[in-house]
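**Q** Please see the structure below; I have some questions.
Every number here is computed from the coordinates shown, using simple stated rules; none is lab data. Because the structure is a prediction, the values reported are computed rather than measured. As a convention, Cβ positions derive from the backbone with ideal geometry for all residues, glycine included, and neighbour counts pool all protein chains shown.
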Amino acid sequence: MKKANKKSLYLLLPAVLLVWGLIVVRTIGVFIEPPVKEFRNDFNQVITTLPIDSNLYVLNLNYPNPFKSQSIVPQNQSKSKSKTSSLKVKKVVFKKSPVIWPKLAYQGQLRRKDQTLCLIDVNDQIHFFSVGQTLQGIKLLKSFTDSVHLEYKRERKYIKK
C-alpha cells in the first residue's frame, strides 16, 4: 500500500467508527425505556416521576390580543402554574334565521348566439336573467334546460319548470 493510502486509512477509519457508533447508540436508545422513579409523600401516597422530555415546549401566551383590550393570560399569573388554565369558554351558537324566498317560477330559456337568457317569474313579474346576474337579491348561478340554480341571501336553491 502507498503512504497516502495509509494516512487516509488512519484518518477515515476512526471517523467511520465514530459515525457507526453514534448510529448504534441512537437506535438502542429508542428501545430503552426511561427510568421511572417512585417515592412516597407525607400522606403516604405513591408518586411516580418520569424524566422531562426534551421535545416539550411551553407556549408563552402573554401577548396582547389584537381583538380585545385584554391579554389572553392575566399579567399576575405565573409561569409555574399548571398547563391547563381555568379559563371558561362559552360556546356561541348562531341560529340561522330561515330565509323567506320570494315567489319564484322558472318559465324557460332564450338562446342567442353566445348568450343564454332565463325567464324567471319573481313575485308575478317576469325577469330576464343571464348567468351571474343579480336582480332583487336573487343571483342566477347556473341554468339548465329544465331548471335553474339560484342564490338568495347566501342560500342556494334549484327551481324546476
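**Q** Quick one: if you stick a label point 7 Å off each Cα along the C-beta vector at residue 142 and residue 161, how many nm between them?
**A** For residue 142 paired with residue 161, the spin-label model returns 1.8 nm.
**Q** Suppose each label sits 7 Å from its Cα in the direction of the beta carbon; what would the residue 93-residue 27 distance come out to in nanometres?
**A** About 5.5 nm separates the two model spin labels.
**Q** Under 24 Å Cα to Cα from residue 91, which lysines show up? Leave out anything in the same chain fewer than 8 places away.
**A** 68, 83
**Q** With label points built 7 Å along Cα→Cβ from the Cα atoms of residue 110 and residue 135, find their separation and express it in nm.
**A** That separation, rounded to one decimal, is 1.0 nm.
**Q** Hey, another quick one. Around residue 144, which amide H atoms from residues at least 5 apart in sequence, or from another chain, sit under 5 Å from its own amide H, with H modelled in the peptide plane?
**A** 149
**Q** Quick one: which of 95/157; 103/153; 103/160; 96/161; 96/157 span more than 18 angstrom between C-alpha atoms? Provide the component values of the computation, followed by the final result.
**A** Working: 95/157 20 Å; 103/153 15 Å; 103/160 13 Å; 96/161 29 Å; 96/157 16 Å.
Beyond 18 Å: 95/157; 96/161.
**Q** Under 5 Å between amide hydrogens, which residues at least 5 positions from residue 109 or on another chain qualify, with H placed 1.01 Å from N in the peptide plane?
**A** The list, which skips near neighbours in sequence, is 119.
**Q** Give or take rounding to whole Å, what are the principal axis extents of the alpha carbon atoms in region 104-160, in descending order?
**A** Here the spans come out as 32, 21, 19 Å, largest first.
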